[in-house]
Amino acid sequence: MVKVYNPKSLKEALNIRQNHLVTPYAGGTDLMVHPDPNQTYLFLNKIPEIKNIVEDSNYIRIGACCTFADILKSPIPPTILKDAINLLASPAIRNFGTPGGNICNCGGKKQTKGCKGCWNFGKSGGNICNGSDKSDSAVVFFATNSKLRIASSTTERIIPISDFYCCDRKDALATNELLLEILMDRNDYSNYYYKKVGARESVSLSRVAFAAIINIDSSNIITNLSTAFGAVSNVIISEKQIDKMLIGKTIDEAKKLKSAYLSAYERSVKAKEGRVSSNYRKSVCLNLLGDFLETKGI
Ligand SMILES: Cc1cc2nc3c(=O)[nH]c(=O)nc-3n(C[C@H](O)[C@H](O)[C@H](O)COP(=O)(O)OP(=O)(O)OC[C@H]3O[C@@H](n4cnc5c(N)ncnc54)[C@H](O)[C@@H]3O)c2cc1C
């Protein structure tokens, strides 16, 4: 019979995680598609401390185990996140699925020799916690440079999502840790672009998902530009060095740099083969990027 721990507080959950080999789960929409009778599970859904959506002077704090439906109902998260969630799966899945599960979802990745996160796979009994590149909420968390708050019963750390979410990660979740919160800096995310290209309008995994934030000041200078592509490569693509080409430039200057910017992406995006061809994925990426720039007057 499947064994499940059902903690009612974060302290209790972290103690169980510290002392037992358990696989955490929240909504179960990924993990419980194929439950493993030989595993011991740690149910995170009854822990109030990691289900809140609140803001303080630094961050919008999204509890790893709030549901996507909670995010849609809350006035706090930015619209770009809600746009992505509105296209994620179906209402039934959004009622159970969580951003924590979306980020920690292994997406069927294979173990990689030398990767600490993958190495954890064997030990933690299935929870390798290196996010799937198809996790739609994570694409937005990349574009918004969000951070993750991670804890064990004795330690706590905050890391950029990009440090957690890469195939040869150095900072993947250890077997005694849980993801507690996603922290979004309290920046202006109102000038954004989000598109998901899938086979259908709903209940469709991304063929390509693209999120971008741009901030333009009153002198028409681009003060921030941050993009992210999901479902293109083995990890979410976020090319800070390329995006920097347009930061600090006026819109007119950015227009002149546009083709160099797009060419840099053309050289850098290495799209994978899968349900659709790598050529298709790459051209969709470049089309979305071009459309984003045009929409923003560049
Ligand atoms: C029909 C269907 C359609 C879907 N469509 C989409 C889609 O369009 N876009 C998309 O991105 N996803 C989609 N998904 C995938 C899934 O719904 C999401 O990834 C969801 O966010 C998972 O959240 P969960 O809470 O249910 O995760 P769970 O299944 O509970 O857990 C997933 C993984 O995360 C780990 N985990 C969960 N919470 C924590 C935590 N706090 N700390 C550490 N580890 C944790 C678990 O151990 C497990 O490895 C779909 C799934 C189904 C079944």
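The values are calculated or read from the model by the stated rules, or taken from the named source; none is laboratory data. It should be emphasised that the depicted structure is a prediction, and the values quoted were computed from it without experimental measurement. Neighbour counts run over all protein chains shown; Cβ positions are idealised from the backbone, glycine included. Ligands, DNA and RNA are stripped out before the accessible areas are found, and what is left, the full protein with its side chains, is counted by its heavy atoms. Shrake-Rupley method; radii C 1.70, N 1.55, O 1.52, S 1.80 Å.
Details
- The listed residue being modelled with pLDDT under 95 and among the basic types (Lys, Arg), out of LYS3, LYS46, LYS11: LYS3
- Exclusive hit being at pLDDT 90 or above and under 24 Å from LYS51 (Cβ atoms), set LEU180, LEU173: LEU180
- Highlighted here are the helices (runs of 4 or more DSSP H) found entirely within segment 99-152 that include at least 1 residues which are at pLDDT 65 or above and within 13 Å of the ligand (Cβ to nearest atom): 99-104, 136-143.
- Selection status of ILE93, among the β-branched types (Val, Ile, Thr), at pLDDT 50 or above, within 11 Å of the ligand (Cβ to nearest atom) and closer than 27 Å to ASP70 by Cα: yes
- When segment 17-55 is filtered for residues that are more than 8 Å from the ligand (Cβ to nearest atom), surrounded by fewer than 18 Cβ atoms within 10 Å (Cβ to Cβ) and part of a helix (DSSP H, G or I), the ones remaining, listed by number, are GLN18, ASN19, PRO48, GLU49.
- Verdict on LEU81 being in contact with a helix residue (DSSP H, G or I) (Cβ under 6 Å, 6 or more places away or on another chain) and either away from the ligand (no atom under 11 Å from the Cβ) or more than 20 Å from SER152 (Cβ to Cβ) (or both): yes
- Of all residues in segment 200-234, those satisfying the criterion of being open to solvent by 70 Å² or more (accessible area, probe 1.4 Å) and not polar (S, T, N, Q) are ARG200, GLU201, VAL203, LEU205, ARG207.
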